[in-house]
Amino acid sequence: MVWRDIDINLTKQHDGDITSSTDIDAVKSSISNIFKTIQGSRRMVPSFAMPIHNLLFNQIDNLMLSQLRSLLLNAISMWEDRIYINNLTSTADPDNNRVNVHLEFRLKSDLDDRVFNVNETLVMQ
């Protein structure tokens, strides 16, 4: 099975079209889009992504990290049905108003049962 998604970096091809990512890169790109898109900003699908704006300007503490983890898990389960989540961790970087997120997952269709990772930094301002 071949999956396609828009390249997260919006790199242009020689003909001016945006490059697409395929297979595992498409899945990783999709997850990154879920993490980085603010809910309501996608015109035709305003419910896409996660309502991270609910946590903006909150103190980055254990309670906020727990709420963020719950939002991330709900958004991933809603918008990315090609994966099983093995582990999701988040670590605070309050001095820079950031949260580092690490997702470990497997593809539902992968017969080799390989584990993949996505690491993202979310700016909380």
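Structural remarks
- The number of residues in the stretch 90-125 that are touching a residue at least 24 places away in the same chain (Cβ under 8 Å), under 19 Å from residue 76 (Cβ atoms) and charged (D, E, K, R) comes to 2.
- Restricting the stretch 38-67 to residues that are in contact with a strand residue (DSSP E or B) (Cβ under 8 Å, 6 or more places away or on another chain) and exposed (fewer than 13 other Cβ atoms within 10 Å of the Cβ), the residue that is nearest to residue 100 (Cα to Cα): 61
- Looking across the stretch 62-93, just one residue is over 14 Å from residue 31 (Cβ atoms) and either in contact with a Cys (Cβ under 7 Å, 6 or more places away or on another chain) or among the basic types (Lys, Arg) (or both), and that is 69.
- Residues satisfying the stated conditions in the stretch 73-85, i.e. touching a Phe, Trp or Tyr at 6+ places or on another chain (Cβ under 7 Å), under 16 Å from residue 102 (Cβ atoms) and buried (at least 17 other Cβ atoms within 10 Å of the Cβ): 83
- Within the stretch 58-77, the residues that satisfy the criterion of being aliphatic (A, V, I, L, M), under 12 Å from the mean Cα position of the chain (by Cα) and farther than 14 Å from residue 122 by Cα are 73, 75, 76.
- For the stretch 94-115, a residue qualifies if it is closer than 20 Å to residue 27 by Cα and not acidic (Asp, Glu), and the qualifying residues are 100, 101, 102, 103, 105, 106, 107, 108, 109, 111, 114, 115.
- Residue 59 falls short on exactly one of the conditions (1) out of contact with any Pro (no Cβ under 9 Å at 6 or more places or on another chain); (2) in a loop (DSSP other than H, G, I, E, B), and that condition is (1).
- Restricting the stretch 77-125 to residues that are among the acidic types (Asp, Glu) and part of a strand (DSSP E or B), the residue that is nearest to residue 32 (Cα to Cα): 120
Readers should treat all values here as calculations from the given coordinates under stated rules, not as data from a laboratory. Since the model is a prediction, treat every value here as computed from it, not as a measurement. Heads up, the Cβs are rebuilt from the backbone with ideal geometry, glycines too, and the neighbour counts pull from every protein chain shown.
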